[in-house]
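The values are calculated or read from the model by the stated rules, or taken from the named source; none is laboratory data. Bear in mind the structure is a predicted one, so any value in this text is a computation, not a measurement. No Cβ is skipped: glycine too gets one built from the backbone with ideal geometry, and neighbour counts run over all protein chains shown. These accessible areas exclude ligands, DNA and RNA; they are computed on the full protein's heavy atoms, side chains included. Shrake-Rupley method; radii C 1.70, N 1.55, O 1.52, S 1.80 Å.
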Amino acid sequence: MDVGQVRQRRLSDDIVSQLETMILEGTLKAGERLPAERALAERFGVSRPSLREAIQKLAAKGLLVSRQGGGNYVADSLGSTFSDPLLQLLESNPEAQRDLLEFRHTLEGSCAFYAAQRATELDRQRLREAFAALQ
């Protein structure tokens, strides 16, 4: 039986996970400044060096922006990086995937309802033509 070594998880990885969840849930919004390191470390019950390491990891992922002497901020546009960090968050969080699908189902259904109610004759004609092209 082959057994691999068990890799111990670093404290900073747990902090990264919590901050990612806060961003995903909207507790921390795009462009928002994070609380001061001291306050954030106290809130999480961790050391400041562990918190700094987590912030560096999130900055490397493109989720946070660190400004020298100006604090740490959630990235203004989360989708602007080469590898979208929001997609990575969704991929690693099955509950968030379900929430997103439920949101889209509700939003898209409502949009279709109102679009159908407000459609003009020209809109209906364009829909018929598009449907015919699909056939």
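General remarks:
- Computed 3J(HN,Hα) for the stretch 128-133, one whole-Hz value per residue from the Karplus formula 6.51 cos²θ - 1.76 cosθ + 1.60 where θ = phi - 60°, is 4, 5, 5, 5, 4, 5, glycine and proline marked x.
- From its DSSP helices (H runs of at least four residues, each -39,500 (n - 2.57)), the chain gives a residue-normalised ellipticity at 222 nm of -20000 deg cm²/dmol.
- Dipole magnitude (debye, nearest 20) for the chain, charges at Cβ of Lys, Arg, Asp, Glu: 380 debye
- Each residue of the stretch 96-106 is assigned a 3J(HN,Hα), and the resulting list reads 5, 4, 4, 4, 5, 5, 5, 4, 4, 4, 5 Hz, derived from the Karplus form 6.51 cos²θ - 1.76 cosθ + 1.60 (θ = phi - 60°), x at Gly and Pro.
- Close amide H partners of residue 71, meaning residues 5 or more places away or on another chain with modelled amide H under 5 Å apart, do not exist here.
- Amide H contacts of residue 28: 23, each under 5 Å away and 5 or more positions distant or on a separate chain (H built 1.01 Å from N in the peptide plane; Pro and chain starts excluded).
- Computed from phi, the 3J(HN,Hα) profile of the stretch 47-63 under the Karplus parametrisation 6.51, -1.76, 1.60 (θ = phi - 60°) reads 7, 5, x, 5, 5, 4, 4, 5, 5, 5, 5, 5, 5, 5, 6, x, 8 Hz, with x in place of Gly and Pro.
- Surface accessible to a 1.4 Å probe, per residue, for the residues of the stretch 5-135, Å²: 73 Å²
- For the chain, relative contact order (Cα pairs under 8 Å, six or more residues apart, normalised by length) works out to 20 percent.
- Approximate spin-label separation residue 119-residue 131, in nm, with each point projected 7 Å along Cα-to-Cβ: 0.6 nm
- DSSP loop trypsin sites (Lys or Arg not before Pro) with at most 13 other Cβ within 10 Å excluded, longest remaining stretch of the chain: 30-135
- The accessible surface of the chain, taken with every protein chain in place and a 1.4 Å probe, is 54 percent carbon and sulfur.
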